[in-house]
1. Is it fair to say A95 is in a helix (DSSP H, G or I) and modelled with pLDDT of 90 or more?
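The values are calculated or read from the model by the stated rules, or taken from the named source; none is laboratory data. Please read these numbers as outputs of a predicted model, since none were measured by experiment. For neighbour counting, all protein chains shown are included, and Cβ atoms are generated from backbone atoms with ideal geometry for every residue, glycine included.
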Amino acid sequence: MKVPGALRILLLLLAGAVAAFPEAAHGGGEAQDHVDRWKIANFVILAGLIAYAGARFGKAFFAARTVEIGKGIEEARRMREAAEARAAAMEARLANLSEEIEDLRRHAHQETAHEGERIREETRREIEKIQAHAEQEIAAARKSAQAELRRYAGQLAVRLARQKAAERIGASEQDALVNSFAARVRTVPAVKSTE
């Protein structure tokens with residue numbers, strides 16, 4: 001028959017307790033000896049029960065606790081690695097921050113230059129349109145002014161010619177001119193209408 005480990009430990013403790021107090025077995029007071037033996041027996045039984053409970057239930061408890069501690073250690077390792085990776089990424093980003101800022105400045109400067117060129121080109125086109133429109137208006141105004149000037153000059157010439165004619169030609173000469181014109185109009189053959 002195989003003796004369980006906890007029972008073996010209990011027997012060893014009991015044997016050790018009996019061997020530790022040989023004087024209690026050989027002499028001394030009978031009453032004192034009896035009390036000491038019961039104290040030793042109680043101690044051995046209590047120690048044996050504690051050892052038995054520890055062997056029986058402690059193994060599963062400590063195994064579960066070991067697994068739990070291992071999981072905690074693994075989780076802490078993963079969290080540490082993740083934190084180190086984030087820290088490394090942040091350090092890399094901070095290291096490249098000045099380059100990124102310079103790239104943004106360069107890009108903004110290029111966009112500003114491009115936008116300025118676009119605005120200059122658009123302004124030039126608008127100025128050309130305005131100049132062309134102004135030239136057309138000036139040309140139209142010039143033509144209108146020239147026509148008005150010609151009309152005015154014609155009216156002025158007619159007025160001056162009437163004044164000069166009135167000054168040079170008297171009433172009798174005017175009557176003769178009108179009669180001469182009327183005679184010529186009478187001699188012109190009438191044009192027949194083809195309608």
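1. Details: in a helix (DSSP H, G or I): yes; modelled with pLDDT of 90 or more: no.
No; evaluated as a whole, the condition is false for this residue.
Listed here are the residues, each with its yes/no results for (1) over 60 Å from the mean Cα position of the chain (by Cα); (2) at pLDDT 65 or above; (3) loosely packed, with under 12 Cβ neighbours inside 10 Å.
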| position | (1), (2), (3) |
| --- | --- |
| V3 | yes, no, yes |
| L12 | yes, yes, no |
| V18 | yes, no, no |
| E30 | yes, yes, yes |
| I40 | yes, yes, no |
| A51 | yes, yes, no |
| A64 | no, yes, yes |
| E68 | no, yes, yes |
